[in-house]
Amino acid sequence: MTLLLTGVAALLTAGCTTTTTISDAPPITTPFGVPVRTRVAPDARKPDPQPTPAVPAPALLPPGNEWATQALAGVIAGQPLLLLGEVHDNAAQHQLRIEALRRAIVAGARPALLMEQFDRERQPDLDRALAAARRDRAIATPAGLDRLADAVIDAGAPGRKGWDWSAYRGFVVLALGYDLPIIAVNLSRADASKIVGGGLESVFSPAERQSLGLDRPPPESLLAAQAEAIVASHCNQIDTATARRMALAQIARDAVMAAFLRAHAQQAEVLIAGNGHVRRDLGVPQWLGATAAISVGLEEDTGLQPGMALALAADRTGGKPATRYDLVIATPAAQRADPCEAFKAR
């Protein structure tokens, strides 16, 4: 695997060359009518200022991750809109991304964190929990910061279902430590199930479908490619018709995430989501319109030794990485059981 240093350097310098900061703006309204503040302002009723949060500690990464981590930090710091992918159960990827984000923040970046892990309807609960945490004097200690991060997660993801929150907690700690907004951008599993069973109109009003770009059928090539990916991820154990209905729900997720990105485009943003959502050829970029974004995929390479990571610039002239992402961070594959064995046992 070859390191394309020139291409990575181009990404580090492309686009916005100055750091975009977050202003204390009034609430803005998302495409679904939920008001969200770009930063939670101090409570005017309290005479005392908010306590100063403890500084989140750097992660202890293997030396072999250093170059890729620093390259990713540079991209985060230099790009106003970044789509940051992941393999959901790869702990090494989460550690690398959190440390890269921390370094970018220390360098002056202040992006909003748009997180797939929080469903869009949980935004009011998230805002209340974030505001309460930022007023809590416990935030001034590392232990208190950790405890308050857990409280935010519990508010935004009751029961902590569907995600390994130990992998994402570091993002919430950074948001609290550096006063970053967290935006809930996912379509819930309940809504996705409704779409699979009853189509887009079972979840979205006509006006919402129009604002999302879903007022007409998605391109057949996109629907077919999404369905093919779903069949493969389910070990070829589902039929094409079912996969196409599931693909429509996946497309709706991408369109919803894109709508939130457009709504918050006046500030720097990092979307934290699975690789499928950040792919240029299938995911969120298909629904961003004229809004420019850089896509970073974190993929697994079985040829890499534990503790190693590589940053590879995607050559836009051709090749699979070029069609999927602007930049690829390759890490060793996580140790996991064969997921297809579970499907075969059903």
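General remarks:
- Note on segment 215-232: residues that are farther than 15 Å from Asp254 by Cα and either touching a residue at least 60 places away in the same chain (Cβ under 8 Å) or loosely packed, with under 14 Cβ neighbours inside 10 Å (or both) total 4.
- Among (1) on the phi > 0 side of the Ramachandran plot; (2) within 23 Å of the chain's Cα centre (by Cα); (3) not basic (Lys, Arg), the one test that Asn236 misses: (2)
- Test: residue in segment 229-243 that is over 23 Å from Asp119 (Cα atoms), in a helix (DSSP H, G or I) and touching a helix residue (DSSP H, G or I) at 6+ places or on another chain (Cβ under 6 Å): yes
- Taken as a whole, the structure places Val256 among residues that are among the β-branched types (Val, Ile, Thr), out of contact with any Ser or Thr (no Cβ under 7 Å at 6 or more places or on another chain) and part of a helix (DSSP H, G or I).
- Where Leu60 falls short, out of the listed (1) out of contact with any strand residue (DSSP E or B) (no Cβ under 6 Å at 6 or more places or on another chain); (2) part of a helix (DSSP H, G or I); (3) of a type in the set (A, V, I, L, M): (2)
- Boolean, Gln237 is farther than 21 Å from Pro124 by Cβ and either at pLDDT 95 or above or buried (at least 19 other Cβ atoms within 10 Å of the Cβ) (or both): no
- Complete set of residues in segment 34-66 that are modelled with pLDDT of 85 or more and charged (D, E, K, R): Glu66
- Qualifying residue in segment 124-144 (condition: of a type outside the set (A, V, I, L, M) and touching a strand residue (DSSP E or B) at 6+ places or on another chain (Cβ under 8 Å)): yes
Yes/no per residue for (1) at pLDDT below 95; (2) hydroxyl-bearing (Ser, Thr, Tyr); (3) over 20 Å from the mean Cα position of the chain (by Cα); (4) closer than 21 Å to Leu310 by Cβ:
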position	(1), (2), (3), (4)
Ala68	yes, no, no, yes
Leu145	no, no, yes, no
Arg160	yes, no, no, no
Arg169	no, no, no, no
Val173	no, no, no, no
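- Segment 262-292, subset assigned to a loop (DSSP other than H, G, I, E, B) and hydrophobic (A, V, I, L, M, F, W, C), residue surrounded by the fewest Cβ atoms within 10 Å (Cβ to Cβ): Ala290
- A single entry from Ala112, Ala140 fulfils the requirement of being of a type in the set (Gly, Ala, Ser), touching a Pro at 6+ places or on another chain (Cβ under 8 Å) and farther than 23 Å from Met257 by Cβ: Ala140.
- Some residue of segment 199-208 being assigned to a loop (DSSP other than H, G, I, E, B), modelled with pLDDT of 95 or more and surrounded by fewer than 17 Cβ atoms within 10 Å (Cβ to Cβ): yes
The values are calculated or read from the model by the stated rules, or taken from the named source; none is laboratory data. Because the structure is predicted, anything quoted here is derived from the model rather than measured. Methodologically, a virtual Cβ is constructed for each residue, glycine included, from the backbone with ideal geometry; neighbour enumeration extends over all protein chains shown.
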